[in-house]
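Asks: The following block contains the structure, expressed as structure tokens.
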Amino acid sequence: MPKAAPAQAPAEAEAGSLDTPVLKTQGLEVSFDGFKAIRGVDFTLGRGELRFLIGPNGAGKTTLLDAICGKVKPSRGSIRFGGTDLAKLQEHRIAQLGIGRKFQAPSVFAELTVYENLELSLKQPRGIWPALTRRLSGEQRDAIDRTLETIGLRDKPKWTAGSLSHGEKQWLEIGMLLIQDPQVLLLDEPAAGMTDKETMQTGELLLTIASDRSIIVVEHDMEFVREYARTVTVMHEGQILREGSMDDIQNDDRVAEVYLGRRGERHA
């Protein structure tokens, strides 16, 4: 797929290279009625990095994404995004700063066209009056066209979102995030329920997006992880068990014991 449009870093974020952390948690804990779902997690995401989070159910993967985007509040620790501690902010403010979150099930406006879905997702004033009076600028139309190209829906701008395949709906929702110009994307099982071809196209889309943005992907499909992961973080019981390449992960005895079940097993 074509290269995604360059992201603009939020004002609070610090400039840096691909090796510079764009996101960092320190001593992060999340508790629910006394149960620690996240236990002292120190996690670093580099600029332009595609990171996969894997681990058994209940390992804390989705809770970590929830804490980063503000859906849940940490009981302890910090989440640094540039010069800002996200742990102190509300969910909408975190989104405004440049953190985009996509959940597993696609959430699009089924009765609207692909183009209209992207148009509604543009950064602009909200409310009835702005919606009734706004006119797209040339820059905004160009942004929509670039996004359509990136997500592989250039030929379907007038299709209703409800008529798209499952994979295309997932791509459209990713496009709805991209057009808001986030610096970091948080994706929960983006390839779930897709055909083999759609899964491959989704992997290529993630690689394209990661050329100038950072992505964290929670994923259970080990074949998908093997094919597209650059760096993998394994979580277990609310903690980080191991980080490294997929080869590193597959050859780690601790991972084999608590997650893969036995050495050499191919599916989670």
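The values are calculated or read from the model by the stated rules, or taken from the named source; none is laboratory data. As the structure is a computational prediction, the values presented were derived from the model and not from experiment. Neighbour counts are summed over all protein chains in view; Cβ atoms, including those assigned to glycine, are modelled from backbone coordinates with ideal geometry.
Asks: Filter segment 187-230 down to residues that are in contact with a helix residue (DSSP H, G or I) (Cβ under 8 Å, 6 or more places away or on another chain), over 22 Å from Thr147 (Cα atoms) and of a type in the set (A, V, I, L, M, F, W, C), then give me how many there are.
Replies: 4
Asks: Something else about it: Pull up segment 196-209, narrow it to residues that are buried (at least 20 other Cβ atoms within 10 Å of the Cβ) and of a type in the set (A, V, I, L, M), then point me to the one that is farthest from Leu64 (Cα to Cα).
Replies: The residue in question is Leu205.
Asks: Please find, within segment 158-173, the residue that is surrounded by the fewest Cβ atoms within 10 Å (Cβ to Cβ) out of those that are closer than 22 Å to Met200 by Cβ and of a type in the set (S, T, N, Q).
Replies: Taking the candidates together, the pick is Ser165.
Asks: Let me ask something else. Please verify whether segment 120-137 includes one or more residues that are over 18 Å from the mean Cα position of the chain (by Cα), surrounded by fewer than 21 Cβ atoms within 10 Å (Cβ to Cβ), assigned to a helix (DSSP H, G or I) and at pLDDT 90 or above.
Replies: yes
Asks: May I ask you to say which residue of Met235, Met246, Met176 is crowded, with 23+ Cβ neighbours inside 10 Å, of a type outside the set (Ser, Thr, Tyr) and farther than 23 Å from Ile144 by Cβ?
Replies: Met235
Asks: Of the residues Arg141, Arg146, which is over 22 Å from the mean Cα position of the chain (by Cα) and in a helix (DSSP H, G or I)?
Replies: Arg141
Asks: Exactly one condition in (1) among the hydrophobic types (A, V, I, L, M, F, W, C); (2) touching a Ser or Thr at 6+ places or on another chain (Cβ under 9 Å); (3) within 29 Å of Ala67 (Cβ to Cβ) is false for Leu153; which is it?
Replies: (3)
Asks: Now for a different question. Looking at (1) touching an Asp or Glu at 6+ places or on another chain (Cβ under 8 Å); (2) at pLDDT 95 or above; (3) within 28 Å of Gln250 (Cβ to Cβ), find the lone condition where Phe43 falls short.
Replies: (1)
Asks: Quick check on segment 184-195. Is at least one of its residues at pLDDT 95 or above and surrounded by fewer than 23 Cβ atoms within 10 Å (Cβ to Cβ)?
Replies: no
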